[in-house]
1. Across segment 210-230, what is the total count of residues that are out of contact with any Phe, Trp or Tyr (no Cβ under 9 Å at 6 or more places or on another chain), open to solvent by less than 50 Å² (accessible area, probe 1.4 Å) and either among the hydroxyl-bearing types (Ser, Thr, Tyr) or within 19 Å of residue 168 (Cβ to Cβ) (or both)?
2. Looking at segment 46-65, is at least one residue of a type in the set (Val, Ile, Thr), open to solvent by 60 Å² or more (accessible area, probe 1.4 Å) and either closer than 29 Å to residue 280 by Cα or over 18 Å from the mean Cα position of the chain (by Cα) (or both)?
3. Enumerate the pairs (first residue in segment 79-105 and in contact (Cβ under 8 Å) with a residue 40 or more places away in the chain and over 19 Å from residue 11 (Cβ atoms); second residue anywhere and of a type in the set (S, T, N, Q) and open to solvent by 10 Å² or more (accessible area, probe 1.4 Å)) with beta-carbon separation below 6 Å, excluding pairs fewer than 6 apart on the same chain, so at least 6 apart or on different chains.
4. If you take just the strands (runs of 3 or more DSSP E) that sit entirely in segment 13-74, which of them hold at least 2 residues that are of a type in the set (Gly, Ala, Ser)?
5. So which residues in segment 15-53 are among the small types (Gly, Ala, Ser) and in contact with a Gly (Cβ under 7 Å, 6 or more places away or on another chain), if there are any at all?
6. Pairs only if they're at least six apart or on different chains, beta carbon under 6 angstrom, first in segment 157-179 and free of Cβ contacts under 8 Å to residues at least 60 places away in the same chain and over 25 Å from residue 214 (Cα atoms), second outside any loop (DSSP other than H, G, I, E, B) and open to solvent by less than 50 Å² (accessible area, probe 1.4 Å); list them, first residue then second.
7. When residue 140 is evaluated against the numbered criteria (1) at positive phi; (2) at pLDDT below 85, which criterion, by number, is the only one it fails?
8. Kindly provide the set of residues from segment 141-164 that are open to solvent by 60 Å² or more (accessible area, probe 1.4 Å), within 23 Å of residue 282 (Cβ to Cβ) and part of a strand (DSSP E or B), ordered by number.
Amino acid sequence: MSRLQRTIKNSISCEGIGLHTGKPVKMTLKPAPAGNGVVFIRTDLGNAEISAIATNTAATNHATTLSQDGASVATVEHVLAAFSGLNIDNVFVELDAAEVPIMDGSAAAFVRLIADAGVQTQDALQPVLKVIRPIFVREGNKQLAIWPAETPSVSYFIDFNHPMLKEQSLQYQPSEESFLREVSDARTFGFLSDVQMLRANGLAKGGSMDNAVILGEDSVLNTDGLRYKDEFVRHKILDLIGDLSLAGMPVIGHVVAHKSGHGLNAQIVAKLLNSPQSWILLGSPGEETVKRQEPQLQHAVL
């Protein structure tokens, strides 16, 4: 169950626009030392640092925003999901604007960046949080729970008032392979009827069919259609993976989500971390030596 921490071997960059701000942004991933965690750096704000930890969660309206000492970074969930899904524990993420680039609306571009940068195993154990008592949060008909389990898993259910999004569900068993194969390229989605409202509220200014699945009254409007018939629930799992990574370490438990979103995801991470009687910590520095293995992450066909 224990493993060594990992970072990337080389620095690598990409450019894009923010989904909600619509502003151009350059993002550079850089190796970080063991124990560092994921840290965002706003190069446009004097290299202000924002650690990717739950206590820095500042907003969860249509995306997850982190804030620390007056600096913030928005829409972090997809790149965090890529780090979590590929077991990248320590990395600096430099940004010259306030929002992570949306790229194609999934984590696929970030997976390719990590593959191109290479993966480096480090000489420190990665602690793991194992749930031993159930944790629940609820808002109306939205529910999220983490049950004790010997291995991590996710059961996700969605039910939107739309003919294409009724009662989708998926059982997901996390691994690097399943992340690449099942959820990494699932895109964010939205409803055409909501676009004007979102933009009036300062959101989705950079949204388009190039970076989101757009739904009309009864169909997908993107000319290239869907990547999976259940791409919507797959993307919700992608968001969940990114949001749960704000626990600061991998979580072992069975996550059961019913119509959850960024707000509920943030609530359960906060409740989990504030309920130390509900989990045990594995992978302390005194644990047995873990065999060092240099990963050979290959490009995913996305």
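The values are calculated or read from the model by the stated rules, or taken from the named source; none is laboratory data. The shown structure was predicted, so the numbers you read here are calculated from the model rather than taken from an experiment. Quick reminder, even Gly has a Cβ in these numbers, built from the backbone with ideal geometry, and neighbours come from all protein chains shown. For the accessible areas, the whole protein counts, side chains as well, though only heavy atoms, and no ligand, DNA or RNA atoms are used. Shrake-Rupley method; radii C 1.70, N 1.55, O 1.52, S 1.80 Å.
1. Residues flagged as out of contact with any Phe, Trp or Tyr (no Cβ under 9 Å at 6 or more places or on another chain), open to solvent by less than 50 Å² (accessible area, probe 1.4 Å) and either among the hydroxyl-bearing types (Ser, Thr, Tyr) or within 19 Å of residue 168 (Cβ to Cβ) (or both) within segment 210-230 amount to 5.
2. Yes, there is a match, as at least one residue in segment 46-65 is of a type in the set (Val, Ile, Thr), open to solvent by 60 Å² or more (accessible area, probe 1.4 Å) and either closer than 29 Å to residue 280 by Cα or over 18 Å from the mean Cα position of the chain (by Cα) (or both).
3. Between residues of segment 79-105 that are in contact (Cβ under 8 Å) with a residue 40 or more places away in the chain and over 19 Å from residue 11 (Cβ atoms) and residues that are of a type in the set (S, T, N, Q) and open to solvent by 10 Å² or more (accessible area, probe 1.4 Å), the close pairs are 84/245; 99/21; 105/188.
4. Output list reads 48-51, 57-59, 71-73.
5. 18, 22, 37, 51, 52
6. From residues that are free of Cβ contacts under 8 Å to residues at least 60 places away in the same chain and over 25 Å from residue 214 (Cα atoms), the pairs are 173/153.
7. (2)
8. The answer is 147, and nothing else.
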